[in-house]
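Please read the structure below before turning to the comments.
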Amino acid sequence: MVPTWRLRAAFARRLSEMYGTEVPAYTTLLEVTGQINDEAVARDPDAGRLGGIDRVTAERHGAIRVGTPGELRQAAQIFAALGMRPVGFYDLRDGPGAVPVVSTAFRPTGTEELDRNPFRVFTSLLTTADRRFFDAGLEARLDAFLARRQLFPPELLTLAERAEERAGLPEEQAERFLTLAVAALELSPEPVDRAWYAELERISAVAADIGGVAATHINHLTPRVLDIDALYRRMGERGITMIDRIQGPPRWDGPDVLLRQTSFRALAEPRAFREPDGSVTGGALRVRFGEVEARGIALTRAGRAHYDALMAETDRQTAERPDTVRQETARALWEGRFPRTEHRLAAGQLAYFTFRPGTGRPADGRRPPADLAGLLAQGWLTAHPIVYEDFLPRSAAGIFRSNLTGDGTRAADRTGTPFDADRLAAAIGRPVLDPFALYADPHDRSLRQALTTLRADDALRALDGAGQPGPGAAPPPAEG
Ligand code: OOG
Ligand code: NI
């Protein structure tokens, strides 16, 4: 029996091999990433703080795009066979460079599963009913086109159901499942209807990539790097032009949080086209690209709000002083306003950690204090950061946008179809999990356990009263 996590690890590995043959620049990216990671591990004894080198070396995320709720449900079935569940809701239909999709990320959720292999796939659904992008006629033609295609063969779906039910597959079936699953995400040789593709492309290159072709494909595959600034420079030296910046938080001396990403522009790939007269000609499309990312600590809702506010302030200041470099503006802001140490992030309840009783805790009979800051400062507790496993809507929009051929058209005066996590869950037929709840779970559990071991009764009372050890005495319980 090949258990779920081995299926996932094998799928990630095979997809990576396949993508390397399809997009050679991806192989260069992997080489450079490998070098940079080796250097980081050799240089920095703490390089494994946010994931061991084995995890990081195998770590990838991919992206796919589908056209209908039915296709999304089938994709979800295949990911379920790999132990990947939908987490988070991303709406990319607003703002500059809006694209007609809503998305979620399929990924493993438990700490142990993530350590075994954290493979994740950012998965986007075309919103064909959104009148800002598609009028009723085009919606009907798109839906009819999409209804005629089959992205995943029935045999693959049957094997996926079986794998989910039994938490794995016998060797031979596992082999068949992996072969079919990888093949389903290869670039299809099927000719693209030139007029139809062009019509959709005028609205959005993403709409054309999804609804203008007969199959789906892996859109990019992203390795994880330990020093993204070094990688950015080195790719340039190798002659590969990256987009103009690294998205997400700036480089600075404080803790790495959330996600920093950069990519190289989509490359022209040969594709066959069917012309209006029925003949088939050669051509090229620029759709697929390479991306790389560095991951940091997961932030709580409060930490995330602080991050979002700093990003908004960075935008404002950069707009006011167009001659300054955005990175510098961001760094200055962060140095002034973002917690400079993991301790401060933990004490301020701005990021997620797993806690343990500290080995250097006071042995003089003192009682542990009630507040997290005191518990950490006095060595009662140690806090190990929890890595951010998800995506950033703004960076995702940036990644989509940086690789589009044009801006497309969007009627901003019309109202879009409402969409939220619940509606996406209904479309998938599975719950869409809340990422904050997934991080809070090991955070809360390890904290409670460590405090119990320490007999830190005051802190435990504060935890029960306020959800976290408080910054002082616990508030009195609310009574009648
Ligand atoms: C997905 C873009 C989002 C990321 O890393 O933020 C993404 C896509 O291009 O389909 O992958
Ligand atoms: Ni990506």
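The values are calculated or read from the model by the stated rules, or taken from the named source; none is laboratory data. It should be emphasised that the depicted structure is a prediction, and the values quoted were computed from it without experimental measurement. Positions of Cβ are backbone-derived with ideal geometry, glycine not excepted, and every protein chain shown enters the neighbour counts. Keep in mind that these areas ignore ligands, DNA and RNA; they rest on the heavy atoms of the full protein, side chains included. Shrake-Rupley method; radii C 1.70, N 1.55, O 1.52, S 1.80 Å.
Solvent exposure of the chain amounts to 44 Å² per residue of accessible area, where only protein heavy atoms count and the probe is 1.4 Å. With a simple spin-label model that places each label point 7 Å from the Cα along the Cα-to-Cβ direction, the separation between Asp244 and Arg366 comes to 5.3 nm.
Residues whose amide H comes within less than 5 Å of that of Gly290, counting only those at least five positions distant or on another chain, are Phe264 (H built at 1.01 Å from N in the peptide plane).
Amide H contacts under 5 Å for Leu285: Glu269, Arg271, restricted to partners 5 or more places along the chain or on a different chain, H placed in the peptide plane at 1.01 Å from N.
Residues whose amide H comes within less than 5 Å of that of Leu433, counting only those at least five positions distant or on another chain, are Val87, Gly88 (H built at 1.01 Å from N in the peptide plane).
Phi-derived couplings, Karplus 6.51 cos²θ - 1.76 cosθ + 1.60 at θ = phi - 60°, listed residue by residue for the stretch 299-305: 9, 6, 4, 5, x, 5, 4 Hz, with x used for Gly and Pro. Counting protein heavy atoms only, the chain has 51 percent of its accessible area on carbon and sulfur, 1.4 angstrom probe. All distinct Cα pairs of the chain go into the 1/r average, and the inverse of that average, the Kirkwood radius, is 24.1 Å. With 0.36 nm allotted per residue and the present C-alpha distance subtracted, the Arg326-Ala230 stretch has 32.7 nm of extension available. Here is the size of the stretch 328-465 from its Cα atoms: Rg then Dmax, 21.5, 70 Å.
Computed from backbone phi with θ = phi - 60° and the Karplus coefficients 6.51, -1.76 and 1.60, the 3J(HN,Hα) list for the stretch 414-422 is 8, 8, x, 5, x, 8, 8, 4, 5 Hz; x is used for glycine and proline. Between the Cα long axis of helix 69-81 and the first principal axis of the chain there is an angle of about 50°, rounded to the nearest 10. Contact order for the chain, expressed relative to its length and based on alpha carbon pairs under 8 Å spaced 6+ residues apart, stands at 19 percent.
Annotation note: trypsin sites (Lys or Arg not before Pro) in the stretch 86-192 located in DSSP loop regions with a Cβ neighbour count of at most 16 within 10 Å are Arg131, Arg149. Along the stretch 119-133, what does the Karplus equation 6.51 cos²θ - 1.76 cosθ + 1.60 (θ = phi - 60°) give for ³J(HN,Hα), rounded to whole Hz, x for Gly and Pro? Result, ordered by residue: 3, 9, 10, 6, 10, 10, 10, 5, 9, 5, 8, 7, 5, 5, 10 Hz.
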